[in-house]
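> Handing you this structure, nothing more for now.
The values are calculated or read from the model by the stated rules, or taken from the named source; none is laboratory data. Since we're looking at a predicted model, the values are computed, not measured. Neighbour counts are summed over all protein chains in view; Cβ atoms, including those assigned to glycine, are modelled from backbone coordinates with ideal geometry.
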């Protein structure tokens, strides 16, 4: 009996211990695991519904990227409750990683697992009510020792609940003294820390968002030099390769991409990669319009049109920028109202002011001239459009003429796309340096090494070319920031990554290259560049300084893993459009300018931005449609059938319509389908832009027939334009003259016949009886007289 009692007692004691131990392990896990925080203990919310992680979300709008011993960590953001349920008694907290994240691997791990953390602020202990009590306690303590510590603050726009379908803002501020981080031994204490903003209720965690902040208690070490390279381009398909003035005006306005570039240039050491298309477009837009009607600015539209394929050369500087790129052959929309003319003048003044301010700023930074349109050079080299790539490279001189110190010998293919034989092509084109990714030319030291290196361009290693190596991790993070609606978290991660790189070798100075995304700039660029440049362990340095450093050895050139490129169909479409349009362009009086406009347009479809966006085919379709409209802008008016006289040499009038914005030179050729008509080609005529012209075609009818003919427009090099016309020519004898002759001959015949008959009949004969009676009467009369 005693044995049974002891056994029951031991079992009860063991059950109690296990129950208590289970609660100890379970409750901390509920506060750590995102999955556990998504639902209640039984997997449902109090009303029986099952919320998901996406039902409630947190976005961060501000994260202090680094904090020194006198600073304050601030995290600000928004909580969105997308469910139809009220969140009652919400608990908001900020957690920090217990360990510093001094490597890229640790930073990435924190983004998926925030289990190793400690709370540094929460609504219950640091909210308005708690701070009010704390201030009273501090006031009492201050009366004692005359000193008070700054308080951690958690402020929200919600009170006891977050309404369904609503959003609430929050701000968490933690003074450096309250972070619980060591100030002593700065070199070992400093480094990136992970942050996790967490929202929960009685059921557990509902949402979380991560960020990073670097603890910087003023350690002493050699800073990491970082050169930031910002592309200056406005990728979009334009029918003549020139950006419309309205689009430029928008880009320099508030929040515009070019405004963002100007703000970026306020940061010392930032280099820019300048698209010549920007310079050519501003030169065209700011030049004073000519007084001639034929040289007025053409109206533009957002959609490709034949009028968009020509751009007027304006101003005395235009030929210096790009001879032949814009032709005075072109016309435009006349008859602007006074208000429109005033608005156009004011716009031109705004563009001119911004343009010259930009050039002044650019002169103080390293400028790399990109090929025209910032094209995907590797895709061009691997296609039938290699000559188009050569043209794009030559257009870099447009930048050189306005910024004489600009570098025109640096190639920048898409990361991972360059092959060894293409490096040889770059060298033959005059490039001395190629920008590559560290995925293609990795470091030999196993750490982030200097960006300036060399690589061989031939298999025998007899020739080499300088390389500037971008950091793929930093480049990807900067791209993610630009594509985010809430970039604060991404910016904090980027700065933390630079701190992790610095922590690799704190007493070795390295020089890295950070490229911004190959697309139009945005307001996030300014924040990103400023955050990196302001980091106290970063020394912002120019591209020139990087090029002046010694080249460090790196690994052999490797093929990129699935590099981005323009699709085969898109390249074939562009090549076909180019071949067809170049043949047609021979009809324009200034063929060279027409070909320049064509190549610039096609380059706007091969830009790196189109390639990375994966939609180059869409642009290629637009270029083909634009080309078709240009080729359809020269045509002949439809005429009615013509009646000709056999044997007579005459002319048939033909009307040429030139709806393009360029002067055309051609002749008209009529081709009869049967030999009853002979036709000759006309003399060469010049048809002004946006005008019609009547031309007489010499013909001769040879025999009666209905002759179908084809009328063609022929360029000076005997290229037949696609728009021809048909005309039916009826060749007949001269029935009017023949009819008159026949009638005249008939009348003459009648007269002659009548005359002959009259003569042939003579005088009328008297009957014999009448004659006898007359003779008798005469004799009787004579007798009586006697």
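> Out of all the residues in segment 573-585, is one or more outside any helix (DSSP H, G or I) and either in contact with a helix residue (DSSP H, G or I) (Cβ under 6 Å, 6 or more places away or on another chain) or surrounded by fewer than 18 Cβ atoms within 10 Å (Cβ to Cβ) (or both)?
no
> Please give the helices (runs of 4 or more DSSP H) falling wholly within segment 351-436 in which 1 or more residues are touching a helix residue (DSSP H, G or I) at 6+ places or on another chain (Cβ under 6 Å), touching a residue at least 60 places away in the same chain (Cβ under 8 Å) and in the same structural domain as residue 240 (by TED's automatic domain parsing).
Numbers: elements: 377-381, 386-394, 397-402, 420-428.
Filter on segment 351-436 gives 377-381, 386-394, 397-402.
> Of all residues in segment 240-268 being touching a strand residue (DSSP E or B) at 6+ places or on another chain (Cβ under 9 Å) and part of a loop (DSSP other than H, G, I, E, B), which is nearest to residue 540 (Cα to Cα)?
Among residues in segment 240-268 that are touching a strand residue (DSSP E or B) at 6+ places or on another chain (Cβ under 9 Å) and part of a loop (DSSP other than H, G, I, E, B), the one nearest to residue 540 (Cα to Cα) is 268.
> Given 498, 519, 458, 467, which one is modelled with pLDDT of 95 or more and touching a helix residue (DSSP H, G or I) at 6+ places or on another chain (Cβ under 8 Å)?
Values: 519 fails: modelled with pLDDT of 95 or more; 458 fails: modelled with pLDDT of 95 or more; 467 fails: touching a helix residue (DSSP H, G or I) at 6+ places or on another chain (Cβ under 8 Å).
Every option except 498 fails the conditions.
> Quick test for you: out of 421, 425, pick the one residue that is surrounded by fewer than 16 Cβ atoms within 10 Å (Cβ to Cβ) and either within 30 Å of residue 582 (Cβ to Cβ) or within 28 Å of the chain's Cα centre (by Cα) (or both).
Numbers: 425 fails: surrounded by fewer than 16 Cβ atoms within 10 Å (Cβ to Cβ).
421 is the lone residue from the list that is surrounded by fewer than 16 Cβ atoms within 10 Å (Cβ to Cβ) and either within 30 Å of residue 582 (Cβ to Cβ) or within 28 Å of the chain's Cα centre (by Cα) (or both).
Residue-by-condition table, conditions (1) within 16 Å of residue 375 (Cα to Cα); (2) touching a helix residue (DSSP H, G or I) at 6+ places or on another chain (Cβ under 6 Å):
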position: 225; (1), (2): no, no
position: 233; (1), (2): yes, no
position: 236; (1), (2): yes, no
position: 241; (1), (2): yes, yes
position: 246; (1), (2): no, no
position: 259; (1), (2): no, no
position: 263; (1), (2): no, yes
position: 276; (1), (2): yes, yes
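> Considering only residues that are touching a helix residue (DSSP H, G or I) at 6+ places or on another chain (Cβ under 7 Å) and surrounded by fewer than 24 Cβ atoms within 10 Å (Cβ to Cβ), look in segment 587-598 and name the one that is farthest from residue 371 (Cα to Cα).
Here is the first cut: in segment 587-598, the ones touching a helix residue (DSSP H, G or I) at 6+ places or on another chain (Cβ under 7 Å) are 588, 591, 594-595, 597-598.
Checking the rest, the ones that are also surrounded by fewer than 24 Cβ atoms within 10 Å (Cβ to Cβ) come to 591, 595.
On the way: 591: 22, 595: 17 Å.
Ranking the candidates gives 591 first.
> Here's another thing I want to ask about it. Can you confirm whether segment 610-627 contains a residue that is within 46 Å of the chain's Cα centre (by Cα), assigned to a loop (DSSP other than H, G, I, E, B) and not assigned by TED's automatic domain parsing to the domain that holds residue 373?
Initially, segment 610-627 is screened for residues within 46 Å of the chain's Cα centre (by Cα), giving 610-627.
Of the ones still in play, those that are also assigned to a loop (DSSP other than H, G, I, E, B) are 614-615.
Imposing the further condition that a residue be not assigned by TED's automatic domain parsing to the domain that holds residue 373 reduces the set to 614-615.
The answer is yes, given that some residue of segment 610-627 is within 46 Å of the chain's Cα centre (by Cα), assigned to a loop (DSSP other than H, G, I, E, B) and not assigned by TED's automatic domain parsing to the domain that holds residue 373.
> Let me ask you something else. When you scan segment 123-140, do you find a residue that is free of Cβ contacts under 8 Å to residues at least 60 places away in the same chain, assigned to a strand (DSSP E or B), surrounded by 23 or more Cβ atoms within 10 Å (Cβ to Cβ) and outside the structural domain of residue 449 (by TED's automatic domain parsing), even just one?
Going through segment 123-140, the residues free of Cβ contacts under 8 Å to residues at least 60 places away in the same chain turn out to be 123-140.
Of the ones still in play, those that are also assigned to a strand (DSSP E or B) are none.
The answer is no, given that none of the residues of segment 123-140 is free of Cβ contacts under 8 Å to residues at least 60 places away in the same chain, assigned to a strand (DSSP E or B), surrounded by 23 or more Cβ atoms within 10 Å (Cβ to Cβ) and outside the structural domain of residue 449 (by TED's automatic domain parsing).
> While we're here: Just to check your reading of the model, which residue among 250, 183, 220 is free of Cβ contacts under 8 Å to residues at least 40 places away in the same chain and touching a helix residue (DSSP H, G or I) at 6+ places or on another chain (Cβ under 8 Å)? Give the steps one after another, and end with the answer.
Working: 250 fails: touching a helix residue (DSSP H, G or I) at 6+ places or on another chain (Cβ under 8 Å); 183 fails: free of Cβ contacts under 8 Å to residues at least 40 places away in the same chain.
After ruling out the rest, the residue left standing is 220.
> Within segment 381-398, is there a residue that is surrounded by fewer than 21 Cβ atoms within 10 Å (Cβ to Cβ) and farther than 23 Å from residue 620 by Cα?
Yes - at least one qualifying residue is present in segment 381-398.
> Just checking, does segment 13-26 include any residue being assigned by TED's automatic domain parsing to the domain that holds residue 165, part of a helix (DSSP H, G or I), on the phi < 0 side of the Ramachandran plot and at pLDDT below 95?
Step one: list which residues in segment 13-26 are assigned by TED's automatic domain parsing to the domain that holds residue 165, which gives none.
Checking segment 13-26: not a single residue is assigned by TED's automatic domain parsing to the domain that holds residue 165, part of a helix (DSSP H, G or I), on the phi < 0 side of the Ramachandran plot and at pLDDT below 95.
> Run residue 653 past the list (1) surrounded by 14 or more Cβ atoms within 10 Å (Cβ to Cβ); (2) assigned to a strand (DSSP E or B) and report the number of the one that doesn't hold.
Among (1) surrounded by 14 or more Cβ atoms within 10 Å (Cβ to Cβ); (2) assigned to a strand (DSSP E or B), the lone unmet condition for residue 653 is (1).
> Within the group 211, 271, which residue is outside the structural domain of residue 101 (by TED's automatic domain parsing), surrounded by 19 or more Cβ atoms within 10 Å (Cβ to Cβ), within 25 Å of residue 536 (Cβ to Cβ) and modelled with pLDDT of 95 or more? Walk me through how you get there before you give the answer.
Details: 211 fails: outside the structural domain of residue 101 (by TED's automatic domain parsing).
Going through 211, 271 in turn, the sole match is 271.
> For segment 101-108, indicate whether the set of residues that are out of contact with any helix residue (DSSP H, G or I) (no Cβ under 7 Å at 6 or more places or on another chain) and surrounded by fewer than 17 Cβ atoms within 10 Å (Cβ to Cβ) is non-empty. Spell out how you get there, then give the answer.
Restricting attention to segment 101-108, the residues satisfying the condition of being out of contact with any helix residue (DSSP H, G or I) (no Cβ under 7 Å at 6 or more places or on another chain) are 105-106, 108.
If we keep only those that are surrounded by fewer than 17 Cβ atoms within 10 Å (Cβ to Cβ) as well, we get 105, 108.
Looking through segment 101-108, at least one residue is out of contact with any helix residue (DSSP H, G or I) (no Cβ under 7 Å at 6 or more places or on another chain) and surrounded by fewer than 17 Cβ atoms within 10 Å (Cβ to Cβ).
> Answer yes if at least one residue in segment 558-572 is buried (at least 16 other Cβ atoms within 10 Å of the Cβ), free of Cβ contacts under 8 Å to residues at least 60 places away in the same chain and within 30 Å of residue 418 (Cα to Cα), and no otherwise. Before you say what the answer is, go through the steps one by one.
The first filter runs over segment 558-572 and keeps only residues buried (at least 16 other Cβ atoms within 10 Å of the Cβ), leaving 560, 563-566, 570-571.
Next, only the ones that are free of Cβ contacts under 8 Å to residues at least 60 places away in the same chain stay: 570.
Filter once more, so that each one left must be within 30 Å of residue 418 (Cα to Cα): 570.
Yes, segment 558-572 contains a residue that is buried (at least 16 other Cβ atoms within 10 Å of the Cβ), free of Cβ contacts under 8 Å to residues at least 60 places away in the same chain and within 30 Å of residue 418 (Cα to Cα).
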